[in-house]
Amino acid sequence: AVVSTQSTGETIAGTRFTLSEHLYEQHSFTLGHPDNLVYTEEFIERLRAKMMRAECLYCDKVFRDYKILREHMRKKLHKKVNPGNTEFDRYYVINYREFGKTWKVLNADTSDTDTRSTHNESADEEWDDWKESVPEIKCLACSVSYKRLSDIKTHMSVIHHLDFDRLTANLSFYKQIKLINYLRYRLDAHRCPFCPITATTPEDLSEHLFEHKHTQTVAAELYEDEQYLFPALENDYLLCCLKDEGGEPEDVVVIPEDISR
């Protein structure tokens, strides 16, 4: 496939993997996994045509010119296509799995099947009435939440360029807790945890994190204070998903509660 970019006019040649990598690395834009794409060259040309009309690829809003469109997409994090826009269905493999059914119908069918199966299997189990819903894991840098750890890690990597596995690699369990709470405190205040920059809005901070692609490591002395053992976020389920990676053991000061009164 050979396409030219709207922002620079440069010509990009290669496979759908090459094109997807270019969009992600140079423009922070994601189309999804390359294996899920078909008619890639046509797809990108169609997206390019929409942008030439100054039309947002996610919310479909039309702006006065391309410069204003780019600023809108940057601030609103609209650097992806709208999954609800059916005009893009032909470019994703999932819509060809079953004739006459789009990905929405297939997902609904799967959901209905799972619901019936779950109901049948647990109908005679009294404890099922007490089963709690799976808590969601909140992103370190924004308000997005997912139920699965893998999903939230992917989100943080793609949208904010935060490599969770790399950040917590070789850290003991308690150091991971301290690091996560430190990151939450910093990012909640719109302050970059890797440099002295303070952003005006969460969107600006997210853009800063992605554009600068910091080293993805935080100096241990920044979060060594015992205060970071206390959760920065109430009911932070991310802390419950941590594993002891076998880092250096540390002495944790436990302050006993005074029960003599």
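Computed from the coordinates by the stated procedures, all read-outs in this text should not be read as laboratory data. From a predicted model like this one, the values you see are computed outputs, not experimental measurements. A quick note on method: Cβ atoms are made from the backbone with ideal geometry, for glycine too, and the neighbour counts reach across all protein chains shown.
Structural remarks
- FRET efficiency estimate (nearest 0.05) - Cβ-Cβ, L233 to D163, R0 25 angstrom: 0.80
- Of K153/K175; K61/K147; K79/K178; K80/K138; K67/K153, pairs whose Cα-Cα distance is over 25 Å: K61/K147; K79/K178; K67/K153
- Ranking H22, L37, M52 by Cα position along the charge dipole of the stretch 14-69, where only Lys, Arg, Asp and Glu carry charges on their C-beta atoms, puts M52 farthest toward the positive end.
- Each peptide among 82-88, 177-183 gets the average number of other Cβ atoms lying within 10 Å of its residues, and from highest to lowest they stand as 177-183, 82-88.
- Modelled FRET efficiency - R0 25 Å, E45 with E71, Cβ distances, 0.05 increments: 0.60
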